[in-house]
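Every read-out reported here was derived from the displayed coordinates using simple, explicitly stated rules and does not represent laboratory data. All values reported here derive from a predicted model rather than from experimental measurement. As a convention, Cβ positions derive from the backbone with ideal geometry for all residues, glycine included, and neighbour counts pool all protein chains shown.
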Amino acid sequence: MHLTLEFGGGLELLFGSQKKHEVDVVPPNGMKEVTMESLLAWIKENLLKERPEMFLKENSVRPGVLVLVNDSDWELCGRLETVLEEKDEVIFISTLHGG
Amino acid sequence: MHLTLEFGGGLELLFGSQKKHEVDVVPPNGMKEVTMESLLAWIKENLLKERPEMFLKENSVRPGVLVLVNDSDWELCGRLETVLEEKDEVIFISTLHGG
Amino acid sequence: WAAGGHGLSRDQVQRYSRQLLLPSFGVGAQERLCEGSVLIVGAGGLGSPVALYLAACGVGCLGIMDPDRVEVHNLHRQVIHTEASVGELKVASASRACLAINSSIKVVAYPFGLAAKNALEIIRQYDVVVDASDNVATRYLVSDACVVANRPLVSGAALGMEGQLTVYNYSNGPCYRCLFPTPPPQAACQRCSDAGVLGVVPGIVGTFQALEAIKILSKVGDPLSSRMLILDSMSSRIHTVKLRGKSAECVACGGSPAINHITLPNFDYEGFSSSPMSDA
Amino acid sequence: WAAGGHGLSRDQVQRYSRQLLLPSFGVGAQERLCEGSVLIVGAGGLGSPVALYLAACGVGCLGIMDPDRVEVHNLHRQVIHTEASVGELKVASASRACLAINSSIKVVAYPFGLAAKNALEIIRQYDVVVDASDNVATRYLVSDACVVANRPLVSGAALGMEGQLTVYNYSNGPCYRCLFPTPPPQAACQRCSDAGVLGVVPGIVGTFQALEAIKILSKVGDPLSSRMLILDSMSSRIHTVKLRGKSAECVACGGSPAINHITLPNFDYEGFSSSPMSDA
Ligand SMILES: [Zn+2]
Ligand SMILES: [Zn+2]
């Protein structure tokens, strides 16, 4: 399944300073669908280059990271259980505090 | 066919000061498709409330109006011949000169 | 509007004539601005354009709060200050600039930071609060205090080449804690002084913050509640994304909040967020 | 960068330190800004934030052009001016404000409007041009002159509650005439003085114009060429739309242009656009 991933607010530094990633993700063994939970595992395995604790905590993202699926807060569509569809856009953005 | 039309840059004043219009447009008699040309005719007939010369000129829009189909300049997709699809978004925006 | 029957003076009618001309703004909205008040927490990169544009457009009373003094490395982005004000309190420099543009408004300068002890008392005196601060501890405090005092909060942030903007605690929208119940790890709390910032980026975010404050005060337009504007200046791409609503479990704005006018003044925001409120 | 080997003075390193810290900006980009020059056509609602932010971030030479004097009804949006400068030439007031923020840059004031006769000679002296003007005749002239002189043009406009922004004549992107070969009817050419403008809207557009000028000069990021940013301030919605490229038939930037360094100075821009270049 083709997905567009985007990292911002400094998270891109954990992904080789590249903000946008076009990726193809297959459902994990025995699953029919790619959920946000399996996407996070896939990212950890395949994309994340350094300091995983700056992106993940337990089986989710670390505090201070907003997750947006097709420009909507993942809180509105089921968080880790969100089922992704072909061509979905997922944005991970670290909240900023500077001024 | 369901379309979202949007008027901006002052053009909304010709449409009851409403910027966004959700409309259902059927192809004109004998046609299978809705093109931008037939959409303009439909708008003139059904939506335009006043001063048509501020929106249309001959069979197209007046000079100074940008037309965007799904956020792309209609110059990139065939201008009047552009064939519209279900749920397309068409924006008409008058260029501004103030500062 | 020239015929009178409104609360604007002749000077105000002249000064604000280009806003009074707007059919969707007009006298009513301008009167609400002139009678309204905004507290700006931070007179730095974000606070500079917020203060300039709110003073210019005629917000009746501006509170400007900042403990710091102007330094030369502020000047690349904090355009309300000048070389002559280096060494001066930022609130003094910013107040002077606001009054130079519009002497008909009132400006109150707070030459100290927002603290748990003083937040509620000060915030209650204003209609709208703008978070133009530079640290995560203050961001939690401003949000909590706005919830307890029932004030809308226009929150902006900028770092590096990016900016973020939203309105909290407004019309069933979330507060800062609804979005971020747990503070981020300390390593994720970089400041402009650590990581740098392109000067014009807080300029853009701050000008948008002024817009949102104007919309809320004047009751014109749709404020950015339950939505966030995300700016990537390098690609000139701007996402407006949809955020969750108010959370029933939120410790600040939920059904049975742990944070209230009694507990807030004693809450340890710096400890909670492992982040100091000042650079010192 | 503290170790030297670059063209920045110690004062510059201190002043711009928050930009030098940025890995994607750094010394090289700052040097290009400090060696660069920008002509700002118009010192009004758009030109105010453009001039403030370009001066602050260190653009080496700013040209500021405007024939008008400051009036009190400008002050609700033209935040570079103050009450004390009412009656003064806008370019004098704006130059003073820029130098107060950053005395290390050079500012050249042009107390007259851009005209067909003077446009090429002036524009050739700058690396980037910012159109912050307020009328359609000047917009055609600025664009044509930028094409003939081969300069990128950062064009912004604001009216009512809306704003528009794009970069013309840059990297195979269109010029103003590619988009608008025929001028609009006179009735569609409203100005802020006729139709009004919410003061903070040109503030947002102008701050974005400063950003685009910085990106072009510093060669960092993707300028807004062949794209247009459309701001609806009331809904806080921002579209970034894709525009056509350069047109081969364009009379200004096409294959066999009718407008060139010989014909431009004699072209009647006011007659062509049925629009005066000044409010008078
Ligand atoms: Zn909450
Ligand atoms: Zn052209």
Which residue is surrounded by the fewest Cβ atoms within 10 Å (Cβ to Cβ), if the candidates are limited to region C:95-139 and must be under 25 Å from D:Gln78 (Cβ atoms) and among the charged types (D, E, K, R)? C:Lys106
Which of (1) more than 16 Å from ligand 1 (Cβ to nearest atom); (2) surrounded by fewer than 22 Cβ atoms within 10 Å (Cβ to Cβ); (3) in contact (Cβ under 8 Å) with a residue 40 or more places away in the chain does C:Ala213 not meet, given it meets every other one? (2)
Of all the residues that make up region A:1-41, how many are away from chain C (no Cβ under 14 Å), part of a loop (DSSP other than H, G, I, E, B) and of a type in the set (D, E, K, R)? 2
Within the bounds of region D:131-150, is there any residue that is closer than 22 Å to D:Arg69 by Cα, part of a strand (DSSP E or B) and more than 13 Å from ligand 2 (Cβ to nearest atom)? yes
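Away from ligand 2 (no atom under 16 Å from the Cβ), more than 9 Å from chain A (Cβ to nearest Cβ) and not polar (S, T, N, Q): is that true of C:Ile230 in this structure? Explain how you work it out, then say what you get.
On the way: away from ligand 2 (no atom under 16 Å from the Cβ): yes; more than 9 Å from chain A (Cβ to nearest Cβ): no; not polar (S, T, N, Q): yes.
Spelling it out, it is not the case that C:Ile230 is away from ligand 2 (no atom under 16 Å from the Cβ), more than 9 Å from chain A (Cβ to nearest Cβ) and not polar (S, T, N, Q).
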Working carefully through the options C:Phe208, C:Phe180, find the one that is surrounded by fewer than 21 Cβ atoms within 10 Å (Cβ to Cβ), more than 16 Å from ligand 2 (Cβ to nearest atom) and among the aromatic types (Phe, Trp, Tyr). C:Phe180
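Quick check: anything in region D:76-88 facing chain C (nearest Cβ under 10 Å) and closer than 21 Å to D:Pro152 by Cβ? Steps first, please.
Residues of region D:76-88 facing chain C (nearest Cβ under 10 Å): D:76-85.
Still in the list and also closer than 21 Å to D:Pro152 by Cβ: none.
No; the residues of region D:76-88 include none that is facing chain C (nearest Cβ under 10 Å) and closer than 21 Å to D:Pro152 by Cβ.
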The condition from (1) surrounded by fewer than 17 Cβ atoms within 10 Å (Cβ to Cβ); (2) at positive phi that C:Gly42 misses is numbered (1)
Considering only residues that are under 21 Å from D:Val59 (Cα atoms), in contact (Cβ under 8 Å) with a residue 24 or more places away in the chain and in contact with a helix residue (DSSP H, G or I) (Cβ under 7 Å, 6 or more places away or on another chain), which ones fall in region C:56-104? C:His76, C:Arg77, C:Gln78, C:Val79, C:Ile80, C:His81
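Of all residues in region C:189-200, which are out of contact with any Phe, Trp or Tyr (no Cβ under 8 Å at 6 or more places or on another chain) and touching a residue at least 60 places away in the same chain (Cβ under 8 Å)? Please lay out each step first, then the result.
Within region C:189-200, the first condition is being out of contact with any Phe, Trp or Tyr (no Cβ under 8 Å at 6 or more places or on another chain), and the residues that meet it are C:189-195, C:197.
Passing the criteria: C:Cys189, C:Arg191, C:Cys192, C:Ser193, C:Val197.
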Does region D:227-254 hold any residues that are of a type in the set (Ser, Thr, Tyr), surrounded by fewer than 21 Cβ atoms within 10 Å (Cβ to Cβ) and touching a residue at least 60 places away in the same chain (Cβ under 8 Å), and which are they? D:Ser247
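Report yes if some residue within region B:46-53 is of a type outside the set (D, E, K, R) and part of a strand (DSSP E or B); otherwise report no. It would help to see each step written out before you state the result.
Residues of region B:46-53 that are of a type outside the set (D, E, K, R), as a first pass: B:46-48, B:52.
Adding the requirement that they be part of a strand (DSSP E or B) leaves none.
No, there is no match, as no residue in region B:46-53 is of a type outside the set (D, E, K, R) and part of a strand (DSSP E or B).
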Within region D:233-245, residues being more than 12 Å from chain C (Cβ to nearest Cβ) and either closer than 19 Å to D:Val200 by Cα or in contact with a helix residue (DSSP H, G or I) (Cβ under 6 Å, 6 or more places away or on another chain) (or both) number 1
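Consider D:Leu198 carefully, then state whether it is more than 16 Å from ligand 2 (Cβ to nearest atom), under 27 Å from D:Leu22 (Cβ atoms) and not aromatic (Phe, Trp, Tyr). Reasoning before the result, please.
Numbers: more than 16 Å from ligand 2 (Cβ to nearest atom): yes; under 27 Å from D:Leu22 (Cβ atoms): no; not aromatic (Phe, Trp, Tyr): yes.
No.
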If I ask for residues that are in contact (Cβ under 8 Å) with a residue 24 or more places away in the chain, hydrophobic (A, V, I, L, M, F, W, C) and either under 18 Å from B:Glu12 (Cβ atoms) or out of contact with any helix residue (DSSP H, G or I) (no Cβ under 8 Å at 6 or more places or on another chain) (or both), which ones from region B:48-70 would you list? B:Leu48, B:Met54, B:Phe55, B:Val61, B:Val65, B:Leu66, B:Val67, B:Leu68
For residues that are among the charged types (D, E, K, R) and more than 7 Å from every other protein chain (Cβ to nearest Cβ), scanning just region D:12-35, find the one that is surrounded by the fewest Cβ atoms within 10 Å (Cβ to Cβ). D:Glu35
All positions within region C:131-145 that are away from ligand 1 (no atom under 16 Å from the Cβ), over 11 Å from C:Ser275 (Cα atoms) and more than 7 Å from chain A (Cβ to nearest Cβ): none
Among the residues of region C:269-276, is any within 19 Å of D:Gly203 (Cβ to Cβ) and away from chain A (no Cβ under 14 Å)? no
Which of the residues spanning region C:171-189 are more than 16 Å from ligand 1 (Cβ to nearest atom) and more than 7 Å from chain A (Cβ to nearest Cβ)? C:Gln186
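Assess whether C:Thr263 counts as being surrounded by fewer than 20 Cβ atoms within 10 Å (Cβ to Cβ), within 13 Å of chain D (Cβ to nearest Cβ) and more than 16 Å from ligand 2 (Cβ to nearest atom).
So C:Thr263 does not fit the description; no.
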Just wondering, is there one or more residues in region D:111-127 that are within 18 Å of D:Leu165 (Cβ to Cβ) and either within 16 Å of ligand 2 (Cβ to nearest atom) or among the aliphatic types (A, V, I, L, M) (or both)? no
For residues that are closer than 22 Å to D:Arg191 by Cα and in a loop (DSSP other than H, G, I, E, B), tally how many sit in region B:58-99. 8
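If I ask for residues that are more than 8 Å from every other protein chain (Cβ to nearest Cβ), free of Cβ contacts under 8 Å to residues at least 40 places away in the same chain and among the acidic types (Asp, Glu), which ones from region B:71-82 would you list? I'd like the intermediate steps shown before the answer.
Taking region B:71-82 as the starting set, the residues that turn out to be more than 8 Å from every other protein chain (Cβ to nearest Cβ) are B:74, B:77-82.
From the residues that got through so far, the ones that are free of Cβ contacts under 8 Å to residues at least 40 places away in the same chain too are B:74, B:77.
None - no residue of region B:71-82 is more than 8 Å from every other protein chain (Cβ to nearest Cβ), free of Cβ contacts under 8 Å to residues at least 40 places away in the same chain and among the acidic types (Asp, Glu), so the list stays empty.
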What pairs can you find where one residue is in region C:174-188 and under 13 Å from C:Ile259 (Cα atoms), the other is in a loop (DSSP other than H, G, I, E, B) and within 16 Å of ligand 2 (Cβ to nearest atom), and their Cβ atoms are less than 6 Å apart, with a gap of 6+ or different chains? none
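Does D:Ser93 meet the test of being away from chain B (no Cβ under 12 Å), more than 16 Å from ligand 1 (Cβ to nearest atom), closer than 17 Å to D:Gly206 by Cβ and not aliphatic (A, V, I, L, M)? Break it down into steps so the answer makes sense when it comes.
Values: away from chain B (no Cβ under 12 Å): yes; more than 16 Å from ligand 1 (Cβ to nearest atom): yes; closer than 17 Å to D:Gly206 by Cβ: yes; not aliphatic (A, V, I, L, M): yes.
Yes; evaluated as a whole, the condition is true for this residue.
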